[in-house]
C-alpha cells in the first residue's frame, strides 16, 4: 500500500549482497591477487598456500572488517546528525566532530606519558586502544555539545554548518599547538593517523572497535522511533510524547560514539558520513529510520570497502590514501544535494 | 457518576499567560474558561493577542504565569510529556520537511504514544490510522507523499494525525492559515463533525471570524488589550465584544452580517431597495455596501436617499430599474449587477459634486 517501486526490504537485501561481494573482493584484490578459492580456503583454515593464508588472515581480513564496520559507523553517525539537526549537510566532518575526535587522539598520542617512539600506536595494548577511542568519542561529543548549544539559538542550517566549521578550526588549532610541542616521533605517528586508513587495525584490536561500534549501533537502534519524530520537528515530537531533550542527547551520544570510535581507529575519514546517509535516503526512497539505519550502515560499508579496494588498485605495493578517494565519491553527491536543495527552495516555498 | 460526566474536560481559572522571567511579558490574565466533550470552541483575536500562547499553555507546552489549567481532572503542566500526549493532540502551524513520508506515515505518527519501542503498528493502530484518514476525506491519497499534497490536504492530513492520536482534547493552532476558501470551510466542517460525532472537545484558533461565528459552539475572544472573554458566538457578536476587539481605523464589525465592513467618513448616500427578500436582493444590498452607500432600510442620521432601485426577476437573471430621488420620472435600466454598480457610482459622484 505504501510501496513505490521495489520494497525497502528487497533494496536492503541488495545492499547487503553488494557489501558482501565487495567484502570478498577486498580480501581477494591487492598487490597480490588471490583467487576466490584461495580466499575461501584461507578463511576456512584449510589453506594450501601459507603465504596466501597469512595475507588474507593477518592483513586483509582485519582491514576489510575495519572498513566494513567503520564505514557503517560513520554513515549511521551522519544519519543521526542529519536527522537531529534537520540538515542534509550535517555529518561528522562538516560539523567539526571529526576535528573534535582528532583533538582527543592528539592528546592521547602526543601528550600521553612516556610511551614514545614510532611504535606508539601499533604498540598500544588493548587498553591503550580503548583509551584512544574513549578520548576520540569524548572529543567528538564535546564538539557536539557546543554545536547543540548553538543549534537551539540558530534555526538556519547553513549558520549551523558555519558554526561547525569554526569549531573545527578551533579544534584544529588545539591540535597544531599539541603538534608544535610534541616530540618529532609522536608527531610523525599522529600525522600518519590523519591520512585515514583502514589498515592500521590489527586482529587483536578489532574486538575493541567492534565493541564500540556495536554499542553505538545498538544505542541508535533504540532511538530509531524517536528519530522519526525528531525529523518532523521538536514541537511535533513533543506533542507525540517524546521527551525531546533526552531523546536528542541519547541520539547524539550514539553519533559521537560511532564517529569517535571510527575516527580513533581509522583517522578522520571525510565525506562518508554525509554522503552515505543521503545516498541511502535516495536509493531506499525512505525517511523511516527503521529502514534508513540499516540502509545507511550497509551503504557506508559499501562506500568504505569500495574506497579501500580502489586504494589498492595501482598495484605493485603502492597504496593510495583513502580520504581523497572518498572525496571523489562524496563531493559530487554533496554538490548534487546543494543543487537540488536550492531548486526545491525555489519552487516549494 | 453524573458529576463526573458533567465535569468539564478542560478548564482554567484565573489563568495568566505570557513569558515569565526577567523580561516578563504578560499577554493576558484573568482567563476563565471551560470546555466539555462534544464542544467545539474557536479562539479568535488580533495578531499578537496571545492565541498561540494560550493554546500552548492549555496543553502544557508552556507554563502559566499564574493560575492552573486542568485537563481530564489533572493539572496539565504537571503531567509528563507521555501522559499529555494521550490527553491532548495538537496541530501547530509549523512547516514540515517530511521527506519520503506518505500521508499514511504522517497519520501513523498519531499512534506513536501507543506503539512499542520498534514502533510497530498493531491491528488496532492500523484501524485508527485508516479511520482517521477516512474521517478527513483523504482515503484516496493515503499512499501519496505528504510533501506532494496541497496546503489544504496537508492540513487535513495533520488533523487526521491528531485524530489518530485518540485524545479527548484536540487543539488546532490556526489550521486555516494558508488555505483557500473551500479548504477553510472544510477544516471547520471536519472540526465540528469531530466534536459532534466522537464527543471530543475541539479548540482551534483562527483569523476567520466569519467561519468561527458560523461553526463554533463557543467563541473565545482575546482582544489584544490583555482581556479574554468567552461565550456563544451570537452573544459576543451582539454584545459588541468582537467589535471592541477588532475594530480599527476605517472598518468595523457589523453585527447584522457578522462580517467586517469599511466605514466611509463623512456623510453617506442611501439607496432604497424595492424587492422581496431573496438572492437578488441580498446581492443588491452587498453591492450597495460595496460602493460605500447604505441601504435605506438602515438609514441613519446624516444620510440622504439618492435613488430607489426595484428588482424584477427576468429570464436571464435580475433586471434593475433605477429611479433618481427628487427627479420625478427620470430613471434608467440595468441588466446586470455590473451595470447597476456603474449607474449608482455615477449618481453618487454627481451628488457629491453638487453638494460641495
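The set of residues in the range B:212-232 that are part of a helix (DSSP H, G or I) and surrounded by fewer than 22 Cβ atoms within 10 Å (Cβ to Cβ) comprises B:213, B:214, B:215. The criterion of at least 1 residues that are in contact with a strand residue (DSSP E or B) (Cβ under 8 Å, 6 or more places away or on another chain) and more than 14 Å from chain A (Cβ to nearest Cβ) is met, among helices (runs of 4 or more DSSP H) falling completely within the range B:43-161, by B:51-58.
Within the range B:335-356, the set of residues being surrounded by 16 or more Cβ atoms within 10 Å (Cβ to Cβ), modelled with pLDDT under 90 and either more than 12 Å from residue B:307 (Cα to Cα) or touching a helix residue (DSSP H, G or I) at 6+ places or on another chain (Cβ under 7 Å) (or both) is empty. With respect to the conditions (1) within 14 Å of another protein chain (Cβ to nearest Cβ); (2) assigned to a helix (DSSP H, G or I), residue B:178 lacks only one, and its number is (2). Residue A:20 - would you say it is within 14 Å of chain B (Cβ to nearest Cβ) and surrounded by fewer than 19 Cβ atoms within 10 Å (Cβ to Cβ)? So residue A:20 does not fit the description; no.
In this structure, residue B:76 does not satisfy being crowded, with 24+ Cβ neighbours inside 10 Å and farther than 22 Å from residue A:286 by Cα. Scanning the range B:242-283 for residues being closer than 25 Å to residue B:52 by Cβ and either exposed (fewer than 12 other Cβ atoms within 10 Å of the Cβ) or touching a helix residue (DSSP H, G or I) at 6+ places or on another chain (Cβ under 8 Å) (or both) gives a total of 7.
The set of residues from the range B:194-214 being in contact (Cβ under 8 Å) with a residue 40 or more places away in the chain and more than 21 Å from residue B:236 (Cβ to Cβ) comprises B:194, B:196, B:199, B:200. In the range A:25-42, of all residues being touching a helix residue (DSSP H, G or I) at 6+ places or on another chain (Cβ under 7 Å) and part of a helix (DSSP H, G or I), the one that is nearest to residue A:310 (Cα to Cα) corresponds to A:26.
Just for the range B:284-297: of the residues that are modelled with pLDDT under 90 and part of a helix (DSSP H, G or I), which one is surrounded by the fewest Cβ atoms within 10 Å (Cβ to Cβ)? Result: B:297.
Counting only helices (runs of 4 or more DSSP H) wholly contained in the range A:213-307, the ones carrying 3 or more residues that are away from chain B (no Cβ under 13 Å) and within 16 Å of the chain's Cα centre (by Cα) occupy A:244-266, A:272-284.
The values are calculated or read from the model by the stated rules, or taken from the named source; none is laboratory data. From a predicted model like this one, the values you see are computed outputs, not experimental measurements. Here the Cβ is made from the backbone with ideal geometry for all residues, glycine too, and neighbour counts use every protein chain on show.
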